[in-house]
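Here is the structure we will look at.
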Amino acid sequence: MKVILAQPRGFCAGVVRAIDIVERSLARRDGPVYVRHEIVHNRHVVEDLKAKGAHFVEDLAEIPDGAVTIFSAHGVSHGIEDDAKSRRLRVVDATCPLVSKVHKQGQRYSSLGRTVILIGHAGHPEIEGTLGRISGPVYLVENREDVANLDLPDETPVAYITQTTLSVDDTRSTIEAVKSRFTDVIGPETRDICYATQNRQTAVRDLCQSAEVLLVVGASNSSNSNRLREIGAECGIPSYLVADGSEVDPAWLAGMNVVGVTAGASAPDVLVEDVLATIGRISPIEIEILDGVEEKITFRLPPELLEAS
Ligand code: SF4
């Protein structure tokens, strides 16, 4: 069986930075290290950091006053930040710089007196954080229908921003709906969807030209991994999201000659290797890597960690 790997796949610069922040904070041995929410949406990554000593919590109330506290790559609201300040928590912020950019953009539009339309998925931690960063009116929409249902006069001056890990195509369509409904609209095209999300989605479309079935390695709560699986399905091939090799069902591969494999931005290589090993136990495999963008982006660490290194 031939296995084609998408290029690029797996870790993005924001995820590498976030994991590095936790590891360096642990290495400083400056008391216990608490992380609010999964640092990135991958259980394997979280378990690995737990084994190295990190404590994961959902609520700041679970963190002792003054302790080292890391905010996850998804970002947090001003409310959480203020709460951390009042508890004198020693915060190290692992929010991806591309998420921070959206926060700043949203607040800037709001300061201009515009009503902000945030395109994203309700309940996702990135969205919770972004909603809590904008002081003026902000409305969350997921799709064209939500835009049509917004209870706002059509002449309201609006600006839109987007979650970083959406489907590029769906978002373009939602932006078009905003532009055609409102008379005074500004916003950044689809540029807020981060480079890593865009590159992985393009690579999956290429992969689906040759693959008969698609396996996406990633967690079920990972937004960008779910979008990759959806793209496979839109391209018309059976597409499955698997956390690791144990979730691959041999029945999916029966009669298939070409299997496409990719990984979401928070899925480590070791899990891709695990999936390849599982496929290899079902049938001998020959691996090919698709030509694709080579990503060279890296993000700077927070200054306090750079000083310590
Ligand atoms: S997917 Fe994009 S926005 Fe999210 S952490 Fe990675 S680089 Fe940052």
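The values are calculated or read from the model by the stated rules, or taken from the named source; none is laboratory data. Keep in mind the model is a prediction, meaning the values are calculated, not measured. Here the Cβ positions follow ideal geometry from the backbone for every residue, glycine too, while neighbour counts run over all protein chains shown. Heavy atoms of the whole protein, side chains included, go into the accessibility calculation; ligands, DNA and RNA do not. Shrake-Rupley method; radii C 1.70, N 1.55, O 1.52, S 1.80 Å.
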#### Entry: R0 of 35 Å, Cβ-Cβ distance Ser220-Glu155: FRET efficiency to nearest 0.05
0.25
### Message
As I understand it, the dipole of the chain uses +1 on the Cβ of Lys and Arg and -1 on the Cβ of Asp and Glu, about the Cα centre. Which of His121, Gly245, Ser86 lies farthest toward its positive end?
### Response
Ser86
### Task
Calculate the all-directions average of the projected area of region 1-139's alpha-carbon convex hull, and give it in nm².
10.7
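Rounded to the nearest 20 debye, what is the charge dipole size of the chain about its Cα centre when +1 sits on each Lys and Arg Cβ and -1 on each Asp and Glu Cβ?
Value, rounded to 20: 760 debye.
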### Query
What is the set of long-range amide H partners of Val91 at a cut-off below 5 Å, with H atoms built 1.01 Å from backbone N?
Thr69
### Query
If you wrap a convex hull around the C-alpha atoms of region 222-266 and split its volume per residue, what is the figure in Å³?
73
### Message
What's the magnitude of the charge dipole for region 7-118 around its Cα centre, counting Lys and Arg as +1 and Asp and Glu as -1 at the beta-carbon? Answer in Debye, nearest 20.
### Response
440
### Message
Place a point 7 Å from Cα of Ser283 in the direction of its Cβ. Which residues in region 211-235 have their backbone N less than 20 Å from it?
### Response
211-217, 233
### Theoretical ellipticity at 222 nm over the chain - DSSP helices of four or more residues, -39500 (n - 2.57) apiece, nearest 500
-12500 deg cm²/dmol
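Hey, could you get me the Stokes-Einstein D for region 247-309, Kirkwood radius over alpha-carbon pairs, 20 °C and 1.002 mPa s, rounded to whole µm² s⁻¹?
143
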### Task
Determine which lysines satisfy two conditions relative to Lys85: a Cα distance under 29 Å, and not lying fewer than 8 residues away in the same chain.
Lys50, Lys52, Lys101, Lys104
#### Entry: Rg/Rg_globular for region 86-166, with Rg_globular taken as 2.2 N^0.38 Å and Rg from C-alpha atoms
1.17
### Query
Based on the inverse mean of 1/r over its pairs of different Cα atoms, what is the Kirkwood hydrodynamic radius of region 10-78, in Å?
12.2
### Summary
Amide H neighbours of Ile119 at under 5 Å, excluding residues fewer than 5 places away on the same chain, with H built from the backbone geometry, are Val141, Ile161, Thr162, Gln163
### Task
Return, for the Cα atoms of the chain, the radius of gyration and Dmax in Å, separated by a comma.
20.6, 62
### Relative frequency of Cα-Cα separations exceeding 15 Å in region 147-209, percent
55
### For region 183-246, alpha-carbon Rg relative to the globular expectation (2.2 N^0.38 Å, N residues)
1.31
## Note on the structure
A 1.4 Å probe over the protein heavy atoms gives the chain a carbon and sulfur accessible-area percentage of 49
### Task
With only Lys, Arg, Asp and Glu charged, each at its Cβ (+1 for the first two, -1 for the last two), find how big the charge dipole of region 266-309 is about the Cα centre; round to the nearest 20 debye.
100
### Task
Quick one: order Phe182, Phe56 from most to least accessible surface, probe 1.4 Å.
Phe56, Phe182
### Message
Through the Karplus equation 6.51 cos²θ - 1.76 cosθ + 1.60, θ set to phi - 60°, convert the phi angles of region 97-113 into ³J(HN,Hα) values in whole Hz; use x for Gly and Pro.
### Response
x, 6, 6, 4, 4, 5, 4, 5, 4, x, 5, 5, 4, 5, 5, 7, x
## Note on the structure
Using a 1.4 Å probe on heavy atoms of the protein chains only, the accessible area for Asp184 in Å², nearest 10, reads 60
## Note on the structure
accessible surface per residue for region 68-216, probe 1.4 Å, DNA/RNA/ligands not counted, whole Å² -> 41
### Query
Among Ile231, Gly31, Cys208, whose Cα sits farthest toward the positive end of the charge dipole of the chain (+1 at Cβ of Lys/Arg, -1 at Cβ of Asp/Glu, about the Cα centre)?
Gly31
### Query
³J(HN,Hα) across region 143-155 via Karplus (A = 6.51, B = -1.76, C = 1.60, θ = phi - 60°), whole Hz, x for Gly/Pro?
7, 4, 4, 4, 5, 4, 8, 4, 8, 9, x, 4, 8
